[in-house]
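First comes the structure, then the notes that go with it.
Values in this text are rule-based calculations from the coordinates and carry no lab data. Note that this is a predicted model, so its numbers are computed, not measured. With ideal geometry, Cβ positions are generated from the backbone for all residues, glycine too; neighbour counts draw on all protein chains shown.
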């Protein structure tokens, strides 16, 4: 059990050092991801607008073709008016001419609306694109800053992660699961020691009897206040040295 407790404390020490390196990056990793997300959203928005614009143009072209046919038909119907033989034929032709005129007017109105939509989409794209350029420039700067920080601590971090991997391999699965669960809940600190009769994690007093039991190093104990794993000063001194 002594070795199990020692391994957990050593794991915490390594994670503490890795956390310090992580803190040096500040909010840059989050800022970089946020910028990437915003840029992707704008790209998608532009792509959707361009797709709508293309569909609008294709619909206008189809309408123009239909209008052309309607004009030809109207011209043909009007020419036939001079060849009618009775009122019935005349009424049928005028009805076709009126119907053609209605369709023509409807398609013209639709094309005007589509043209307005296309113009509106173009204006929106023109307004959005500079925003994306600004975000890309900001992303470039923040990625460079983050890369510089990572590079400055690259060797040290690689060394710590390699050591952590070794320690993790020595940790019992149940112990590691408990450690990671507590670490997540307590924002990094899963293992605490006894300092001046108190838990170093939450600073609450640990009962004298429990302190004696912890000093025996033969069982896994958890702080009854914060839930952290408690190790004896002997364990801490062994690793700290």
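Exposure proxy for 171, 94, 193: other Cβ atoms within 10 Å of each Cβ, ordered fewest to most, give 94, 171, 193.
Neighbour counting of Cβ atoms within 10 Å sorts the residues 205, 67, 182, fewest neighbours leading, into 205, 67, 182.
Compared with the dominant principal axis of the Cα atoms in the chain, helix 154-170 is inclined by about 70°.
Can you give me the orientation-averaged projected area of the convex hull built on the Cα atoms of the stretch 172-240, in nm²?
4.6
On alpha-carbon atoms, Rg over Rh for the stretch 28-154 using Kirkwood Rh? The Rg/Rh ratio comes out at 1.44. If you take all C-alpha pairs in the chain, what percent of them are over 29 Å apart? So the portion of pairs separated by more than 29 Å is 62 percent. On the beta carbon distance between residue 61 and residue 94, with R0 = 25 Å, the FRET formula returns roughly 0.25.
Using per-residue counts of other Cβ atoms within 10 Å, averaged over each peptide, order 213-225, 33-45 from highest down. Intermediate results must be reported in sequence, preceding the final value.
Working: 213-225: 15.2, 33-45: 13.5.
The peptides rank, most packed first, as 213-225, 33-45.
Spacing of the modelled spin labels on residue 240 and residue 185, each 7 Å from Cα toward Cβ, amounts to 2.6 nm. Computed packing ranks the peptides 82-91, 129-138 as 129-138, 82-91, most packed first, by mean other Cβ atoms within 10 Å. Peptides 229-236, 197-204, ordered by how many other C-beta atoms sit within 10 Å of their residues on average, highest first, read 229-236, 197-204. Each part gets one Cα centre, and for the stretch 172-187 versus the stretch 29-82 those centres are 56 Å apart.
Counting only DSSP beta bridges whose two residues both lie in the stretch 172-240, roughly 60 percent are antiparallel. Under the criterion of Cα pairs below 8 Å and six or more residues apart, the relative contact order for the stretch 172-240 equals 29 percent.
Taking 7 Å steps out from each Cα toward its Cβ at residue 72 and residue 138 produces label points 5.6 nm apart.
Can you tell me the relative contact order of the chain? Whole percent, Cα pairs under 8 Å, sequence separation 6 or more. Don't jump to the answer; show the numbers that get you there.
On the way: 198 pairs, mean separation 78.6, N = 241.
About 33 percent, as a whole number.
Of all DSSP beta bridges confined to the chain, the antiparallel ones make up roughly 60%.
In this calculation the C-beta distance from residue 87 to residue 122 is compared with R0 = 41 Å, giving a FRET efficiency of 0.20.
Ordering 206, 20, 32 from the fewest to the most neighbouring beta carbons within 10 Å gives 20, 32, 206.
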